[in-house]
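The values are calculated or read from the model by the stated rules, or taken from the named source; none is laboratory data. Note that this is a predicted model, so its numbers are computed, not measured. Cβ placement follows ideal geometry from the backbone for every residue including glycine, while neighbour counts extend to all protein chains displayed.
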Amino acid sequence: MKRFVSLASVLVLLFTIQAEAQMRGYPYAPRVRSIRLGIEAGAGVLGSDLTKESKDYHFRPVSNLELAYVIHRNFAIGLYGGGGYMRSAANGMESNTPFLTGGALLELRIPMLRGSLFPILQLRGGGIVIDPELRVGRELYESEALRYLSFSGAAGFEIISWRQLGVRALFGVTFTNTDKWDLLVRGDDKDGFSFTTLSLQYYFRPRR
């Protein structure tokens, strides 16, 4: 009898854990308490003094890695890190600025179509390192690497298959607390960039 009670207790516990993990009503959604690993790439456009003067937008590559934890069917938290290369030009001047960024993220997820489609709102906050240079005619002005704070907001959607694989599209804007992305300071405006990305997501649960 004791063995039966013990076995029944184990089965009840396993069933409870499994029920919680299945996102009730969303059979195709990733399991709660799963880990999300994302690889993201796309294009970004710098918003700086030169960009505002010329309205000539230069699309440059950006990329990112994300590691997040699905704490609820509607929320995920995690870390991100990435970088890119921004460019702007106007009136015979040209700036080129590689950057690296990283920090924490908070994600609001709304499951639809039984959990195969997720509209997403994501907030990122952390630090950013830029290494700007400005060319004026034949003169080149450079700066040492500069460190600032950054904050991003992005919206988009993700399509998920087999609970494990997702394809995501996001559009967002990154704000910083500096006006020196192009080494020009013309007012109180803070430089930043907008971005559009596609990413591949993989969901898994570590073995216990």
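The residues in segment 86-110 that are modelled with pLDDT under 95 and either under 30 Å from residue 31 (Cβ atoms) or aromatic (Phe, Trp, Tyr) (or both) can be counted, and the count is 2. Filtering segment 170-192 to residues that are among the aliphatic types (A, V, I, L, M), modelled with pLDDT of 95 or more and surrounded by fewer than 17 Cβ atoms within 10 Å (Cβ to Cβ) leaves only 173.
Scan segment 46-80 for residues that are polar (S, T, N, Q), over 19 Å from residue 185 (Cα atoms) and outside any strand (DSSP E or B) and the total you get is 1.
Looking across segment 111-130, the residues that are modelled with pLDDT under 95 and loosely packed, with under 15 Cβ neighbours inside 10 Å come down to 112, 113, 114.
Out of the residues in segment 193-207 meeting the condition of being under 17 Å from residue 86 (Cβ atoms) and either surrounded by fewer than 20 Cβ atoms within 10 Å (Cβ to Cβ) or modelled with pLDDT under 95 (or both), tell me which one is farthest from the chain's Cα centre (by Cα). Can you show your working first?
Pass one, segment 193-207, residues under 17 Å from residue 86 (Cβ atoms): 193-197.
The next check asks that each one be either surrounded by fewer than 20 Cβ atoms within 10 Å (Cβ to Cβ) or modelled with pLDDT under 95 (or both); those that pass are 194, 196.
Values: 194: 12, 196: 10 Å.
Taking the candidates together, the pick is 194.
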